[in-house]
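So the structure is just underneath, and the comments pick up after that.
Bear in mind that the values in this text are calculations on the coordinates, not laboratory data. These numbers were taken from a predicted model, which means no experiment stands behind them. Please note: Cβ atoms are built from the backbone with ideal geometry, for glycine as well, and neighbour counts cover all protein chains shown.
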Amino acid sequence: MSSLTTLVVVLIAIAVALAIGLALAYVPMRLLVGQMARNITQFIQRQRERRAVQRGTPDRRRT
């Protein structure tokens, strides 16, 4: 009976450690991905604004 209790306690400890590890890895990953998404969104917006500005030279993409 004692070995069964020990096994259960060890399995619970492993599960808790795994859950804590995943939680500690998830939060920084979400922050990093969120920052990257904001940078990409800002870049796309800047590109749209640049393309909307009338240039002195003709647009060579539509010849």
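Would you work out the charge dipole size for the chain about its Cα centre, treating the Cβ of every Lys and Arg as +1 and the Cβ of every Asp and Glu as -1, and quote it to the nearest 20 debye? List each step's numbers first, then the result.
Numbers: 10 positive and 2 negative charges, 182 e Å.
Its charge dipole is roughly 880 debye.
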Problem - Unit charges at the beta carbon, dipole of the chain: most positive-side option, GLN42, ILE20, LEU32 - result: GLN42
Fill in the blank from the handout: Extension length gain for SER3 and TYR26 (0.36 nm per residue less Cα distance), in nm, is 4.9 nm
Handout entry: Residues MET36 and VAL16, FRET efficiency given R0 of 30 Å [Cβ-Cβ distance, rounded to 0.05]
Key = 0.45
Practice task
Would you calculate the volume per residue, in Å³, of the smallest convex hull containing every Cα atom of the chain?
Solution key: 93
Exercise for the section: Per DSSP H run of at least 4 residues, take -39500 (n - 2.57); add these up for the chain, divide by its residues and hand me the 222 nm value, nearest 500 deg cm²/dmol. Expected result: -30500 deg cm²/dmol
